[in-house]
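Some notes on the structure that comes next.
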Amino acid sequence: MASSEQRVVCVGLICFDMITVCDGFPLEDTDTPCREQHWARGGNASNNCTVLRQLGVPCELVGTLAADDAAKFLRDDLSTCGIPHDRCVEDPAGATPTAFIIINALNGSRTILHESTRASEVTAAQFADVDLRGCAWVHFEGRSRNVAEMREMVARIRRDDAADSVVVSVELEKPRREMEQLLPLGDFVFVSKEFAVFSGYESMRAAVEGLREKVRGGATVICPWGEEGACASTSDGTVFTAAAEPPEKVVDTIGAGDTFIAACIAQLYKGASVEAAIQAGCRVAGAKCGQMGLKDLK
Ligand code: ADP
């Protein structure tokens, strides 16, 4: 169990989201009024921190921040939310990754159009400067174009005497073949339904049982599966299942997976069992689906 001042460091993307909430899904080449439009801070690692902070886990975000107006919005929001981001890498020549997201408020679906071609990723050399003293856990959002660097970042954690007891988790979300190289890296490996289906698994149970063979010794594989809930397999082959906890009405599913992961990490950080962690993940992610945005989760 981590002592209270030890932090969870999340490494990955910080994205500028432009959100449009519609009553239904718009038709192409029409002029449609919508319910509301707003900006939000997104990106998986950034969302993980938003939820961890609300669940009382000290955390820190390590990503890249450009020098444009969108990055100013992101920095301000991180400060407002009390998420330390001093060790984010400055990328003055880059552009903030952006996403245009349509939420259908009638069923909570989210349709995402994203662009990050001029955004840079955190490199192993930059991560080498992050002091891991006082760090209990490092979570990596798997990024397909940064796989080699991530492998080196994890290798550094495993080599570092000051990081002896640091727990490493990785998330494999996007369906890209190169992401498989991240499987052996984590003590906890979170695999999205999208990645599991891409890898040929037809259920969450099949995914955790199949992927268990590909992770490092002692590691746990966890797979959330939308309305079905989530499954986990520990290294001894025990499989745990947690049912989804649907809200009365699904209004917004953006960040449900990020919420699930953060709630699992929060429980494991506090010393809970894998089974309790995925149950909490489903509870908090279910509550998230019933509300707009990621604020006020508990
Ligand atoms: P992603 O946001 O990455 O697509 P998932 O759809 O797998 O993630 O959802 C992650 C978790 O969120 C699920 O394990 C479940 O607990 C919860 N969840 C997602 N959709 C729903 C839903 N419609 N009703 C209840 N819980 C949901």
| said: Restricting to region 71-91, and then to whatever is surrounded by 16 or more Cβ atoms within 10 Å (Cβ to Cβ) and β-branched (Val, Ile, Thr), can you tell me which residue is modelled with the highest pLDDT? | reply: Ile83
| query | Between residues in region 210-230 that are under 13 Å from Phe190 (Cα atoms) and residues that are part of a helix (DSSP H, G or I) and β-branched (Val, Ile, Thr), which pairs lie under 7 Å by C-beta distance while being six or more apart or on different chains? | reply | Thr220/Val274; Val221/Val208; Ile222/Ile278; Cys223/Val208; Ala230/Ile278
| message | I'd like the full set of residues that are modelled with pLDDT of 95 or more and among the aliphatic types (A, V, I, L, M), limited to region 229-262. | response | Ala230, Ala232, Val239, Ala242, Ala243, Ala244, Ala256, Ile261, Ala262
| request: State the number of residues belonging to region 245-265 that are buried (at least 24 other Cβ atoms within 10 Å of the Cβ) and more than 17 Å from Gly42 (Cβ to Cβ). | output: 3
| request: State whether the residues of region 156-168 include one that is within 17 Å of Gly257 (Cα to Cα) and touching a Phe, Trp or Tyr at 6+ places or on another chain (Cβ under 9 Å). | output: no
| query | How many residues does region 245-291 hold that are near the ligand (Cβ under 7 Å from one of its atoms) and aromatic (Phe, Trp, Tyr)? | reply | 1
| query | With respect to the numbered conditions (1) within 8 Å of the ligand (Cβ to nearest atom); (2) closer than 19 Å to Ile103 by Cα; (3) buried (at least 19 other Cβ atoms within 10 Å of the Cβ), which one is the sole condition not fulfilled by Ala242? | reply | (2)
| field | Filtered residues of region 226-239 (kept if open to solvent by 50 Å² or more (accessible area, probe 1.4 Å), out of contact with any Lys or Arg (no Cβ under 7 Å at 6 or more places or on another chain), within 11 Å of the ligand (Cβ to nearest atom) and not charged (D, E, K, R)) | value | none
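The values are calculated or read from the model by the stated rules, or taken from the named source; none is laboratory data. All values derive from a computational prediction rather than experimental measurement. Cβ atoms come from the backbone with ideal geometry, glycine included; neighbour counts cover every protein chain shown. Each accessible area value is taken on the protein alone, full model and side chains, heavy atoms only, with ligands, DNA and RNA left out. Shrake-Rupley method; radii C 1.70, N 1.55, O 1.52, S 1.80 Å.
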